[in-house]
1. Along the charge dipole of the range A:2-230, pointing to its positive end and built from +1/-1 on Cβ of Lys, Arg, Asp and Glu, which listed residue (A:T152, A:M140, A:L203) has its Cα farthest out?
2. For the pair B:D313/A:F271, report the inter-label distance in nm, with labels modelled 7 Å from Cα in the Cβ direction.
3. Using 0.36 nm per residue of separation minus the Cα-Cα distance, give me the extension gain between B:S272 and B:L59 in nm, one decimal.
4. Pop the C-beta distance of B:R300 and B:V326 into the FRET formula with R0 = 22 Å and round what comes out to the nearest 0.05.
5. Counting only other chains, and only Cβ atoms inside 10 Å, what mean value do you get across the residues of B:37-49?
6. Which helices, counted as full DSSP H runs in chain A, have an axial Cα extent of no less than 27 Å and a Kyte-Doolittle average of 1.6 or above?
7. In peptide B:56-63, what is the residue-averaged number of other protein chain Cβ atoms found within 10 Å of each Cβ?
8. Given R₀ = 35 Å, what would the calculated FRET efficiency be for B:I23 paired with B:V405, taking r from the Cβ atoms and rounding to 0.05?
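We did not get these values from a lab; they are worked out from the coordinates using the rules stated. For clarity, every value in this text was computed on a predicted model and none was experimentally measured. With ideal geometry, Cβ positions are generated from the backbone for all residues, glycine too; neighbour counts draw on all protein chains shown.
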Amino acid sequence: MAYALQQLINGISLGMIYGLIAVGYTMVYGIIGMINFAHGDVFMIGAFIALITALLLSAGGMLDGPAAILLMLLISMAFTAFYGWTMERVAYRPLRGSFRLAPLITAIGLSIVLQNYVQVSQGARVKPMEALLPGGIEVMRDGGFVVQLSFTQMLIIGVTLAVLAVFTLLVTRTPLGRAMRACEQDRKMAALLGIDTDRTISLTFVIGAALAAVAGTMYLLRYGVIDFYIGFLAGVKAFTAAVLGGIGSLPGAVLGGLLIGLIETFWSAYFSVQYKDVAAFSILVLTLIFLPTGLLGRQEVEKV
Amino acid sequence: MTQASDDRSGESRGGLNRPPLPIPRALRDAAIAAAIAFGLFAVMVGLRTEVSPTGALVLRQRWAEVAMLCGIVFAGRLALTLWLGRRALRPTTAPGPWAVRLQQAGRFFAPALLAAALVLPIVSGGDRYLLDLGILVLTYVMLGWGLNIVVGLAGLLDLGYVAFYGIGAYSYALLSTHFGLSFWIGLPLAGIMAAFWGVLLGFPVLRLRGDYLAIVTLAFGEIIRVVLNNWVSLTGGPNGVSGIPRPSFFGLPFSMSGEPDTFAGFFGLEPSPSHRVIFLYYLILGLALLTNWVTIRLRRQPLGRAWEALREDEIACRALGINVTVTKLSAFALGAMFGGFAGAFFATRQAFVSPESFTFIESAIILAIVVLGGLGSQVGVAVAALVMIGGFELFRDLGEYRMLVFGGVMVVIMILRPRGLVGTRTPSVALGEKRAIGGDLVGEGRG
């Protein structure tokens, strides 16, 4: 029981990270119908920028307290968003309206570029960082087993919920969100009604990258070790989460992320660590066989 | 910043054939590009994290590099604007000037390419490096042609093709090391094994379309790799399988001893290590041509036409009574079989297989070759494999920057020619005379 509770806590905090990345995938997919394969690497860049900020702060002797973490988060979000914007502007916008596989290949190419760019500029070695928020609170004690909710996990859950709340408000209540939803339904019609679709799509990429940066910072705080390759697996898992939840659906992305996180954690805890990825992917395949549009996805209408 | 860029994009759309911009505008434009570059590079290049001897991370500042990169971006953007005006970097599917010339020479181009491939071992005089490179390129040509059946003809987006390559390689590796089967028995078995897995993967994904199909095939590829990596008792885990027998010339081993029952001894030749390499070269060339031949023949048969019909419109296919299940599964199975052949060849050539050779990036490269070549174009795939893999080898000196350049080239080619290097297709069926049509008239398939 206590063990399961601990796994639940771990699974949720991991799932939150996947969910944040998945939102970026699902948003871009919803609005322009492309798989942004480089999104996982944007997450990785977010983690690196957060690490560099932390090192800068520690050089100035200011690396403690919530202010430092907030600063890491904000700086990482700002610069990563800039990467997202540039990516869209340079690599995806020229291919707008082109056939479907072209942006996919461009995205794969960009993913290779970003990974190797970081490998060249930051080195291939694993970057360790000491824990910023050590310790935690004891939730429950069952015999010799102590269930712990670490401060970092609390931070992850809190920050993710806050960011997602702001994001939901943005999508449902602001003119930008309305424009985004309009573009998602029918881009041509939205353009005819005076929505600047290029700008809306740019901002979608910016927001997606900022959310990935939050995930990257949280990942850094939680695991304390990053390298240039973390983006690939996290990206694939997050995309799996987005598809599992029904691609194009924002609550679905978060739900899918949580599910993938939980499946992975529980599988590692009770069965085998080596096959945790197999478990996550198998669940994906099974879900899609019975629910071909994911958990919360809309049924696509086939038109002739 | 966003506002300014939107202004520019608005102009660039209408400015296809405008005269070059005045210099002050071009300078301002380049300055903006440099400012963007500074924003990108300042943190990631300017501050490098390094592990100090004490184990802690430290930052090293590299502002000179940042300044240099910004300078390059400034100069590059300025040169591009002044040289091309606003025409730069517009995607086009219209045949470029060289493509027209290629089309004129098209009748001779494919045979010329084939002839060049055939005589390469003779011309190169047994140059080991050139032959190895040829073998590598041909392996990718074969994989590209195999995947082309699935993606190019049947229109099913497969992101996990490398799984079948891996299954073929491991099948042959295990059959030969455990049961001592020779290459010529192992090769078809590896192909059958891969085809079997192709059907096995095909069944659950029959209902899936488009990107759902893509992610499931990707997941399948990852599952296979993880299993290969962890099933230590069968596959040897990360250490892989080593000691895979080298291929023999129909029973005559390539050996340096010169005995009568070796290849050199039997034909009365001077024993030379290049015999085996030349043999391997012709072997993969033959396998690749087999793939090509089967594809070309099948395109003229009911099955191949059903694939292409499926790619163009699945609903119409169903309405016309085409069995979609059989059509899709056969595409998966055949594509997988050729992947399996290539895998068996890979295993015998390397004499060693490990899961590292079958990562997602391989799938991505093969898919990129198919798309860059132009979906469904056989010559295009060969040219793309030559450009991508050959080019990758040419830039060996770039060291760690090589993959960076590789990815960049992929992006640039795609932006300039979204329909691939060969932008035209010859329809399989035509009323009257067959004429080449633009690639953008061909359906892309939604899975």
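1. Result: A:L203.
2. Inter-label distance under the simple model: 4.4 nm.
3. On the way: separation 213, 0.36 × 213 = 76.68 nm, distance 5.39 nm.
Additional length available on full extension: 71.3 nm.
4. On the way: r = 18 Å, r/R0 = 0.83.
Efficiency computed from Cβ-Cβ geometry: 0.75.
5. On the way: counts 1, 0, 6, 8, 2, 2, 14, 12, 5, 2, 9, 4, 12.
Mean shielding count: 6.
6. Numbers: long enough: A:2-32 (45 Å, 1.31); A:39-59 (30 Å, 1.84); A:65-87 (34 Å, 1.56); A:101-122 (31 Å, 1.15); A:151-173 (32 Å, 1.94); A:197-223 (38 Å, 0.99); A:250-270 (30 Å, 1.34).
Those that pass (Cα extent of 27 Å or more, hydropathy at least 1.6) are A:39-59, A:151-173.
7. On the way: counts 5, 9, 3, 6, 0, 0, 1, 0.
Neighbouring Cβ atoms belonging to other protein chains average 3 per residue here.
8. Working: r = 31 Å, r/R0 = 0.88.
So the FRET efficiency works out to roughly 0.70.
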